[in-house]
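Okay, so here's the structure we're looking at.
The values are calculated or read from the model by the stated rules, or taken from the named source; none is laboratory data. As the structure is a computational prediction, the values presented were derived from the model and not from experiment. Every residue, glycine among them, receives a Cβ derived from its backbone with ideal geometry; neighbour counts consider all protein chains shown.
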Amino acid sequence: MLVLVSLSAFATPASAQLLPEVTLECQDSVDLDVSPGSSRMVIVSCELENPSLYEEEVELTYEFGELAGSGPDSLTVPAGETSLFTVTVRADADQEAEDYLVNITAEVTSASGIPVGGIGSDSDEVTVTVPEFTTCENAVGQGGGTFEAGQKVSFSASITCESNTDSTTSYSALLISDSGSSAWPSGFEDQSPQCEVLVPDGGTTENCQFLIATPSNLEYIWEGCVILLEVGGSVPQSCPSTNAIDIKVEPKTLGIGSIELTGNDSIFGNYSDEAPIIIGGVVTVLVLAIIGMLVARRRRRSG
């Protein structure tokens, strides 16, 4: 009573607020991203209003539950004014995806310099949502090089995922030509077994095998790369500098016995693309020569 009487001496008779009072209001809800690369923290904005006629010293306390955080211990709020402050909420990297409650309490400890603990207080609750995430990285093994048309390209890949919930993801092989086209060329076929990764809460690492069939009747040299693409991922415009397998598929060589007539290592060397024309010309000349010889023999006999 003595405190109230002392405070009332400062009040104006018209609309006097005899008792100290404070109003606390914070954001209703915020999202806290804990995925790899994130800060794993979020800022909550609050405001503290002093509707009384006294300058108030307000003490702030926090209950973060399974989360962590920090904020100012106290604020001085002038009479009839509002002060803004922020609260930082943090989470661990393995924080499960769900909603968490953070409670903030404000209590007036003094008014106009006079202690008044337990008279004016307010509290507010903030819902902090930790969203689900699943992030994966893949490391493609060896398996590139030069292939002959009809051969199969095989390789393996290691897929490492992190997640804060049980989830599933899958990968497929993608061909990208040196020209930048990601459309599968005619005759090329992905014969890989399904690469589906079951990701438990926390993460996992799995290996997948991939197999690409090339057309046996390929008429041109195909050059490019093969990469892994997560379902729903964006398709690159060109072969990446890392985590890709460079491949070259050449048409089948024509040969007699162990002698190759076409191909880079054939007797035609760099002219292997013109080998069919050269061979056809040689055959034509031989046929004409044989016909000429037969005609000449007949003429000798008839003569």
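Name every residue in the range 76-122 that is without any contact (Cβ under 8 Å) to a residue 40 or more places away in the chain, under 42 Å from the mean Cα position of the chain (by Cα) and more than 27 Å from residue 33 (Cβ to Cβ), in order of residue number.
The answer is 83, and nothing else.
Can you tell me which residue in the range 7-34 is farthest from residue 102 (Cα to Cα), limited to those that are among the hydroxyl-bearing types (Ser, Thr, Tyr) and at pLDDT 50 or above? Quick ask: steps written out before the conclusion?
So the first thing to find is which residues in the range 7-34 are among the hydroxyl-bearing types (Ser, Thr, Tyr), and the list is 8, 12, 15, 23, 29.
Now narrow it down to the ones that are at pLDDT 50 or above: 23, 29.
Numbers: 23: 17, 29: 10 Å.
Ranking the candidates gives 23 first.
May I ask you to list the residues in the range 225-257 that are more than 24 Å from the chain's Cα centre (by Cα) and buried (at least 20 other Cβ atoms within 10 Å of the Cβ)?
Restricting attention to the range 225-257, the residues satisfying the condition of being more than 24 Å from the chain's Cα centre (by Cα) are 247-257.
Of everything in the range 225-257, those that are more than 24 Å from the chain's Cα centre (by Cα) and buried (at least 20 other Cβ atoms within 10 Å of the Cβ) turn out to be 247, 249, 250, 251.
Take the conditions in a strand (DSSP E or B) and either not assigned by TED's automatic domain parsing to the domain that holds residue 77 or not hydroxyl-bearing (Ser, Thr, Tyr) (or both) and apply them to residue 93. Does it pass? Don't jump to the end; show me each part of the working.
On the way: in a strand (DSSP E or B): no; either not assigned by TED's automatic domain parsing to the domain that holds residue 77 or not hydroxyl-bearing (Ser, Thr, Tyr) (or both): yes.
Taking the combined requirement at face value, the residue does not satisfy it.
State whether the residues of the range 112-124 include one that is loosely packed, with under 13 Cβ neighbours inside 10 Å, part of a strand (DSSP E or B) and outside the structural domain of residue 245 (by TED's automatic domain parsing).
Within the range 112-124 (the criterion being loosely packed, with under 13 Cβ neighbours inside 10 Å, part of a strand (DSSP E or B) and outside the structural domain of residue 245 (by TED's automatic domain parsing)), the answer is yes, since at least one residue qualifies.
Looking at this structure, is residue 165 among the β-branched types (Val, Ile, Thr), at pLDDT below 95 and either under 20 Å from the mean Cα position of the chain (by Cα) or part of a strand (DSSP E or B) (or both)?
Working: among the β-branched types (Val, Ile, Thr): yes; at pLDDT below 95: yes; either under 20 Å from the mean Cα position of the chain (by Cα) or part of a strand (DSSP E or B) (or both): yes.
Answer is yes for this residue.
In the range 125-135, which residues are assigned to a strand (DSSP E or B) and either farther than 30 Å from residue 34 by Cα or at pLDDT 95 or above (or both)?
Of all residues in the range 125-135, those assigned to a strand (DSSP E or B) come to 125-129, 134-135.
Passing the criteria: 125, 126, 127, 128, 129.
Any residue that is surrounded by 17 or more Cβ atoms within 10 Å (Cβ to Cβ) and touching a Phe, Trp or Tyr at 6+ places or on another chain (Cβ under 8 Å) - is there at least one of those in the range 49-57?
Yes, some residue in the range 49-57 is surrounded by 17 or more Cβ atoms within 10 Å (Cβ to Cβ) and touching a Phe, Trp or Tyr at 6+ places or on another chain (Cβ under 8 Å).
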